[in-house]
Amino acid sequence: MSAQFPQLSSPFTIGKTTIKNRFAVAPMDPGFDVATDGSFTQMGIDYYVRRAQGGFGLIYTGGMGIDTSFEKFAPSVLDNPAAFVRTGQEINARIAAFGTKMFVQLAFGLGRNAGLSAPSELTIMWDPSRKTRALTAEDIETKMTNFVEAAKLVQQAGFAGIDVHAIHWGHLLDEFALAIMNHRTDEYGGSLENRLRIPRELRRRIAEACGPDFPVTIRLGLRTGIKGLGQASYSLDESEEAGRTLAEAVEIAKLLESYGYDGLSVDTGTLDSYYWACPPSYIERGYMVELAAAIHEAGVKIPVICGSRMNDVEIAEAAIAECKIDAIALGRPSIADPDLPRKVVAGTPEAIRPCIGCNQACIHRYGQIGVVNCAVNPLMGRPESYAPQRALTPRTVAVVGGGVAGMEAARTAAMRGHRVVLFEKSDVLGGNLRTAGFHSFKREVSELNDWYQRELVQAGVEVRLGEEATPQKVAELGASAVVVAAGSVPVMPRSIPGIDHPRAMSCNEALTEAGHAKVGQRVVVVGGGLVGCEMALDYCRDGREVTIVEALPDILSAGPSVPSMNASYLRDGFAYHGAQVLTNTRLAAITDEGAVVEDAQTGEKRTLAADTVVLALGFRPAPLDTSAFAATGVDVYQIGDGRQVGNIMTAIWEAYEVARSL
């Protein structure tokens with residue numbers, strides 16, 4: 001047990017099943033773990049075993065299908081029972097070596113979220129012009145029968161328990177539980193007890209089929225965060241809540257305990273309020289603790305496993321010590337660093353590679369290609385063979401540039417067994433991570449910078465700060481490869497009159513302590529890309545008067561696509577704080593009065609009074625001429641923003657790809 005984190009390191013029980021610590025891998029579909037016949041793929045088996053190796057006491061699968069014909073939306077556990085049992089037994093045999101237990105999450109259905117049948121006729125989530133079909137009582141009976149048959153297979157495969165998917169995210173059981181979505185007049189509608197009839201019946205039937213000691217948990221959203229269907233509520237203030245309030249969630253928790261459920265896995269949000277379901281970094285870590293605490297305060301005794309932005313282990317440790325929650329469920333943090341629990345138990349939380357809450361490569365990419373990756377962990381979602389291997393012939397590698405791409409290249413090359421020397425012409429490492437992590441809501445980016453610097457020390461990378469790389473220095477090292485990660489700089493068009501005015505400031509300057517101190521009460525942010533919008537949100541939270549000026553027809557439309565939950569949070573935040581958003585508008589000049597802007601369609605000009613005009617017009621590569629290096633006969637690679645401006649994800653992935661091949 002860790003002396004620093006005794007609560008997180010201690011065991012707890014779900015029913016009569018003991019879990020070795022308080023860390024759970026949250027239910028999450030990685031997109032590659034289940035074969036078309038409903039069994040587990042080898043890549044999926046390896047994925048789950050890797051998290052057992054990393055010290056997780058409990059692992060949940062993502063939602064697995066139970067439908068065989070009626071509205072089948074995914075491969076089903078029942079498609080090939082023998083294959084499911086065989087591959088499940090393999091997983092359990094392997095994770096048992098690490099003392100880990102695993103629950104299979106069985107999905108009752110997705111309802112309107114996937115355009116499938118719902119409790120009532122409802123507008124389809126992604127196409128409000130169409131409506132769902134209402135499930136009949138016979139349909140419900142078919143689903144419950146299938147669910148129990150699937151539960152029996154889960155038990156046969158050696159899994160420790162089941163998680164019922166789910167009274168959360170607006171999926172089918174959530175739709176039944178929510179009065180705003182359940183308009184039925186039969187035994188499945190009306191009162192709260194009727195709206196929870198299916199979870200009650202499922203628990204009873206599973207106990208009959210699998211025995212009363214086979215544990216069953218259920219996922220429960222503690223508040224939906226909606227003003228209506230398709231309308232998120234930006235604030236945690238429930239004055240606008242049209243779905244589930246915390247008070248109703250507590251009543252549901254009491255009923256679920258009375259039905260025999262052995263634990264609750266809790267979070268917030270629906271797909272209508274996606275930023276509460278998959279919170280970006282703008283939502284503070286640990287926001288769930290006080291919501292979850294209401295369950296035990298109301299007298300509910302079964303364990304509460306708290307998910308959603310619980311990746312601050314100090315907050316988690318305190319919450320468990322104060323009996324507010326019993327364990328934490330980590331989804332995105334478990335893919336950023338599968339060894340997170342092991343590092344906490346060892347008393348080295350600083351060694352955890354932080355999830356930065358960007359949603360870029362996990363949720364967003366899952367929506368694009370159906371596979372979960374990770375911006376900061378290039379191994380996630382890729383086969384084991386993609387991991388770095390020791391080089392047969394170690395060499396000396398010079399890395400030019402100490403931003404995120406350069407640090408990742410140096411780290412990975414050192415893991416390969418190479419001697420690595422990193423040159424950084426400034427006196428600090430981090431590059432644009434330093435400014436990106438300046439926001440109060442992006443501390444994880446600063447933590448990533450800190451993590452990389454510790455990794456370089458541990459890997460034995462020689463770091464030369466304040467030193468510019470030259471062909472002569474590279475030759476003196478005897479390097480046979482040079483990786484150039486020169487980075488990027490903000491665009492500051494010299495053609496704009498007043499670009500050097502004291503009221504004008506580049507985004508990088510504004511994202512420093514000295515620059516931030518100069519920002520006035522009235523701020524015009526020029527550029528409505530992600531950088532500009534995040535700066536605007538920060539200024540809004542500071543209580544400043546903010547105007548965003550964007551030349552394109554919409555904000556957040558230039559550069560790499562922004563995850564929908566991040567984008568909607570920013571848009572709703574501007575509306576909530578009263579920020580003015582001017583699209584199809586260009587900056588014409590900066591004057592003593594503020595910003596002169598021009599309508600991109602009519603050419604009409606006007607002056608926006610401002611104390612500060614922050615230019616966030618994007619970045620341009622700051623490439624280094626590599627011809628002199630190449631002339632010495634060494635292998636030369638250009639990576640990161642110096643080659644093409646991207647983001648943290650593209651910089652890390654490019655750097656890893658090159659370094660793993662050196």
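The values are calculated or read from the model by the stated rules, or taken from the named source; none is laboratory data. Predicted model only: the values in this text are computed from it and were never measured. With ideal geometry, Cβ positions are generated from the backbone for all residues, glycine too; neighbour counts draw on all protein chains shown. SASA here: full protein model, heavy atoms, side chains in, ligands and nucleic acids out. Shrake-Rupley method; radii C 1.70, N 1.55, O 1.52, S 1.80 Å.
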### Query
In the list Ala398, Ala414, which residue meets the criterion of being touching a residue at least 24 places away in the same chain (Cβ under 8 Å) and either of a type in the set (Ser, Thr, Tyr) or over 20 Å from Gln472 (Cα atoms) (or both)?
Ala414
#### Entry: region 129-159, subset open to solvent by less than 20 Å² (accessible area, probe 1.4 Å) and assigned to a loop (DSSP other than H, G, I, E, B), residue farthest from Ile19 (Cα to Cα)
Thr132
### Query
How many residues does region 483-505 hold that are open to solvent by 20 Å² or more (accessible area, probe 1.4 Å), in contact (Cβ under 8 Å) with a residue 40 or more places away in the chain and over 28 Å from Ser627 (Cβ atoms)?
6
### Task
Go through region 9-48 and count every residue that is open to solvent by less than 40 Å² (accessible area, probe 1.4 Å), in contact with a Phe, Trp or Tyr (Cβ under 7 Å, 6 or more places away or on another chain) and not in a strand (DSSP E or B).
10
### Query
In region 381-401, how many are open to solvent by less than 40 Å² (accessible area, probe 1.4 Å) and not in a strand (DSSP E or B)?
6
### Message
Any residue that is free of Cβ contacts under 8 Å to residues at least 40 places away in the same chain, surrounded by fewer than 18 Cβ atoms within 10 Å (Cβ to Cβ) and farther than 30 Å from Ala609 by Cβ - is there at least one of those in region 472-482?
### Response
yes
### Query
Filtering region 183-199 down to residues that are assigned to a loop (DSSP other than H, G, I, E, B) and open to solvent by less than 10 Å² (accessible area, probe 1.4 Å), which residue is farthest from Ile218 (Cα to Cα)?
Gly189
## Note on the structure
The correct count of residues that are outside any loop (DSSP other than H, G, I, E, B) and farther than 27 Å from Val523 by Cβ in region 621-656 is 19
### Task
Look through region 456-497, keep the residues that are assigned to a loop (DSSP other than H, G, I, E, B) and β-branched (Val, Ile, Thr), and return whichever of them is farthest from Arg586 (Cα to Cα).
Val461
### Single condition Ile639 does not satisfy, out of (1) closer than 30 Å to Arg544 by Cβ; (2) crowded, with 17+ Cβ neighbours inside 10 Å
(1)
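Okay, residues lined up against (1) modelled with pLDDT of 95 or more; (2) within 23 Å of the chain's Cα centre (by Cα):
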| position | (1), (2) |
| --- | --- |
| Leu624 | no, no |
| Ser627 | no, no |
| Thr632 | no, no |
| Val636 | yes, no |
| Ile639 | yes, no |
| Gly642 | no, no |
| Gly646 | no, yes |
| Ala651 | yes, yes |
| Arg660 | yes, no |
### Query
Looking at region 1-56, which of its residues are in contact with a His (Cβ under 9 Å, 6 or more places away or on another chain) and without any contact (Cβ under 8 Å) to a residue 12 or more places away in the chain?
none
#### Entry: Residue among Ala410, Ala414, Ala346, Ala405 that is more than 30 Å from Phe438 (Cβ to Cβ) and either of a type in the set (Phe, Trp, Tyr) or over 13 Å from the mean Cα position of the chain (by Cα) (or both)
Ala346
### Query
Hey, among the residues in region 456-471 that are of a type in the set (Val, Ile, Thr) and under 35 Å from the mean Cα position of the chain (by Cα), which one's surrounded by the fewest Cβ atoms within 10 Å (Cβ to Cβ)?
Val457
### Query
Would a scan of region 52-75 turn up a residue that is assigned to a helix (DSSP H, G or I) and either under 21 Å from the mean Cα position of the chain (by Cα) or more than 30 Å from Thr142 (Cα to Cα) (or both)?
yes
### Query
If you check every pair at least six apart or on different chains, which have Cβ atoms under 8 Å apart with a residue in region 106-129 that is closer than 23 Å to Ser265 by Cβ and of a type in the set (S, T, N, Q) first and a residue that is open to solvent by less than 10 Å² (accessible area, probe 1.4 Å) and at pLDDT 95 or above second?
Asn113/Gly170
### Query
How about region 420-441: which of its residues are crowded, with 23+ Cβ neighbours inside 10 Å and among the charged types (D, E, K, R)?
Glu424
### Query
In region 206-238, what residues are assigned to a helix (DSSP H, G or I) and open to solvent by 50 Å² or more (accessible area, probe 1.4 Å)?
Glu208, Glu238
### Task
Kindly indicate whether Ala166 is in contact (Cβ under 8 Å) with a residue 24 or more places away in the chain and either surrounded by fewer than 19 Cβ atoms within 10 Å (Cβ to Cβ) or assigned to a helix (DSSP H, G or I) (or both).
no
### Query
If you go through region 240-250 one residue at a time, do you hit one that is within 23 Å of the chain's Cα centre (by Cα) and of a type outside the set (Asp, Glu)?
no
### Message
Just to be sure before I move on: is Met102 free of Cβ contacts under 8 Å to residues at least 60 places away in the same chain, at negative phi and open to solvent by less than 20 Å² (accessible area, probe 1.4 Å) in the structure I sent?
### Response
yes
### Message
I'd like the full set of residues that are farther than 21 Å from Met380 by Cα and crowded, with 19+ Cβ neighbours inside 10 Å, limited to region 49-70.
### Response
Gly65, Ile66, Asp67
### Task
Return the pairs, sorted by first residue and then second, in which the second residue is in a helix (DSSP H, G or I) and open to solvent by 60 Å² or more (accessible area, probe 1.4 Å), the first residue lies in region 446-459 and is under 15 Å from Arg419 (Cβ atoms) and modelled with pLDDT of 95 or more, the beta carbons are less than 7 Å apart, and the residues are 6+ apart or on different chains.
Ala459/Met415
### Query
In region 349-380, how many residues are at positive phi and either buried (at least 23 other Cβ atoms within 10 Å of the Cβ) or assigned to a helix (DSSP H, G or I) (or both)?
2
### Query
Can you name the helices (runs of 4 or more DSSP H) wholly within region 512-620 that have at least 3 residues being open to solvent by less than 20 Å² (accessible area, probe 1.4 Å)?
530-541, 564-577
### Task
Select from region 410-439 the residues that are under 15 Å from Gln458 (Cβ atoms), β-branched (Val, Ile, Thr) and either in contact with a Leu (Cβ under 8 Å, 6 or more places away or on another chain) or outside any helix (DSSP H, G or I) (or both) and list them in ascending order.
Val420
